[in-house]
Amino acid sequence: MEHIGYINIQPNLDAIFAALADSTRRAILSRLADGQASVNEIAAPFDISQPAVSRHLKVLERAGLIERGIDEQRRPARLKAEKMAAAVDWLTKFKEFWGTSFDQLDDVLIQLKRNDNQKEKND
């Protein structure tokens, strides 16, 4: 991991998040989680052209999230989920922050409810 200032930069993390930012690419990854598929098989449920699906596949391939093989006339795509581990690892670092923030919100809501209950008793 490369350190730039106080930020830890993991290799290819920008490409992974950029690839995951598009809903079509996320849907393609979900499809490939069920097994390899050709471009035509991947394109079938989408209202986009096969060349557009191919462009999405190239983005996913450059990010290292899929690999494409050669099987006679077709080039089936396969999920490479291990590359997503870098994104998951990065996001996991914020889990404690999220938990603390939700705990603080719970405390505020409990206090507000107590104040409302106390106000109702006094009225």
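Any read-out appearing in this document is the output of simple, stated calculations on the displayed coordinates, not a laboratory observation. Please read these numbers as outputs of a predicted model, since none were measured by experiment. Positions of Cβ are backbone-derived with ideal geometry, glycine not excepted, and every protein chain shown enters the neighbour counts.
Loop-located trypsin sites (Lys or Arg not before Pro) across segment 39-123 with a Cβ neighbour count of 16 or fewer within 10 Å are 80, 93, with loop assigned by DSSP. Taking the chain as a Gaussian network of alpha-carbon nodes connected by springs under 10 Å, the highest mean-square fluctuation of the residues 97, 17, 46 belongs to 97. Note on the chain: with charges restricted to the Cβ of Lys and Arg (+1) and Asp and Glu (-1), its dipole about the Cα centre is near 340 debye. Straight-distance candidates among the lysines for linking to residue 80, with alpha-carbon spacing under 16 Å and chain neighbours fewer than 8 residues away dropped: 58. How far, in degrees from 0 to 90, does helix 95-122 lean away from the longest principal axis of the Cα atoms of the chain, to the nearest 10? Here the helix axis deviates by roughly 30 degrees.
Take the alpha-carbon positions of the chain, form their convex hull, and give its projected area averaged over all directions (one quarter of the hull surface) in nm².
Working: hull surface 51.4 nm².
Approximately 12.9 nm², given one-decimal rounding.
Each 10 Å bin from zero up to the one holding the largest Cα-Cα distance in segment 12-84 carries the following percent of pairs: 21, 59, 19, 1.
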